[in-house]
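Structure first, commentary second.
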Amino acid sequence: MRPAFVRTFTVLALSSTAIAQSAVTPLQLMRAAQAHAKAHGGQYRPVLSPMDSPASGVTPQDIAQVRAAGFRVVVWTVDDAARQQQLFDSGVDGIISDRPDLLRSLVERNRTARGNLLDGDGLLQVNKFDAQGHRGGRDLRPESTFPAFEVALDNLVTTLETDVGITRDGVAVLSHERHVNWETCRDVVD
């Protein structure tokens, strides 16, 4: 049975633009993010979440430094089984994927790694590896929908990665887009 609570982490997603435009290393950025979060009542350590691309500007050495300093690293968006295995073997703390079925296969192949990835109920232990379903399982079901979340959870993900926006009148909207598209968001039930 899955926990009935949601734990929120501060995640710092780095793009090639963020790294290229700054003279700050990922480790310096993480330390600054931690200080900022702490100053504003944050209870959790920030998580470095670099894009899986050489263009991100985050090197394997950067990842090793960040991890050595006690920060977790969760790489996005990785939809290739061989690349997922390489990242797992490199020691990353988690992977975000549009393909939670591939993440499940990764976990099953490596179940005895890191002191057993699965708990007694057969669920993935997030402190050992964080398998994140990108907007649920958007390569398997329409993104950010209950079916996408369901397929991700059926494939043992520990985190549903989503985007939430707040409208001017204070309503939370689950969407990756900055603007509501009336064609995809209208209620078709009479």
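At 7 Å along Cα-to-Cβ for each site, give me the label-to-label distance between Thr162 and Thr145 in nm.
For Thr162 paired with Thr145, the spin-label model returns 1.5 nm.
Label points 7 Å out from Cα along the Cβ direction at His179 and Ser105: separation in nm?
Here the answer is 3.9 nm between the modelled labels.
Classify region 83-137 from the C-alpha gyration tensor, please: rounded if a/c falls under 1.5, else prolate or oblate depending on whether a/b exceeds b/c.
The shape class here is oblate.
Using a Förster distance of 35 Å, how high is the FRET efficiency between Asp80 and Asp169, based on the Cβ-Cβ distance and rounded to 0.05?
0.25
With every protein chain left in place, what is the accessible area of Phe71 in Å² (1.4 Å probe, nearest 10)?
About 10 Å², rounded to the nearest 10.
What whole-number value in Å² describes the accessible area per residue of region 35-179 for a 1.4 Å probe?
For region 35-179, the solvent-accessible area averages 54 Å² per residue.
The values are calculated or read from the model by the stated rules, or taken from the named source; none is laboratory data. In this text the structure is predicted, and so the values were computed from the model without any measurement. Cβ: placed from backbone, ideal geometry, glycine included. Neighbour counts: every protein chain shown. These area figures cover heavy atoms from the full protein model, side chains too; ligands, DNA and RNA do not enter into them. Shrake-Rupley method; radii C 1.70, N 1.55, O 1.52, S 1.80 Å.
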